[in-house]
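The values are calculated or read from the model by the stated rules, or taken from the named source; none is laboratory data. Worth saying up front: this structure is predicted, and the values here are computed from it rather than measured. When we count neighbours, we look across all protein chains shown, and the Cβ atoms used for this are built from the backbone with ideal geometry, even at glycine. With ligands, DNA and RNA removed, areas are computed over all heavy atoms of the protein, side chains included. Shrake-Rupley method; radii C 1.70, N 1.55, O 1.52, S 1.80 Å.
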Amino acid sequence: MVYAPDNDLVIGAGFDFTVYAWDPTTALLQMTLTGHSCAVISTCITYIPAERVVTCDEDGCVKVWNIDRGIGTQAEK
């Protein structure tokens, strides 16, 4: 898990190939990031140029996600 301070989100990944973003205050799910074909084993935050989450799965596939809350419930790859 990782915390994204600019968007106030807790990002978690799992063995179901999906990444989830929760509001830490309400514990409500804000985003579901889908697109990996294996278990997601790593998440981190980067700033290119704005806050993004980077995920990596068991096969080494790396994805960079826009986690801006303004884009709605489904994040963009």
So, first residue in contact (Cβ under 8 Å) with a residue 60 or more places away in the chain in the range 1-23, second residue open to solvent by 20 Å² or more (accessible area, probe 1.4 Å) and among the hydrophobic types (A, V, I, L, M, F, W, C), Cβ within less than 7 Å, six or more apart or across chains; the pairs are Ala4/Ile45; Leu9/Trp22
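In the range 13-44, what residues are in a strand (DSSP E or B), small (Gly, Ala, Ser) and under 15 Å from Asn66 (Cα atoms)? Can you show your working first?
First pass over the range 13-44, keeping only residues in a strand (DSSP E or B): 13, 19-22, 29-33, 40-44.
Those left that are additionally small (Gly, Ala, Ser): 13, 21, 42.
Residue satisfying the conditions is Ala21 alone.
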Subset of the range 23-58, residues of a type in the set (S, T, N, Q), open to solvent by 60 Å² or more (accessible area, probe 1.4 Å) and closer than 15 Å to Asp6 by Cα, comes to Thr25
Within the range 16-47, residues in contact with a Cys (Cβ under 9 Å, 6 or more places away or on another chain) and among the aromatic types (Phe, Trp, Tyr) come out as Phe17
Result of the Cβ filter at 8 Å on the range 47-67, keeping first residues that are of a type in the set (Lys, Arg) and partners that are exposed (fewer than 14 other Cβ atoms within 10 Å of the Cβ) and not in a strand (DSSP E or B), at least 6 apart or interchain, is Lys63/Lys77
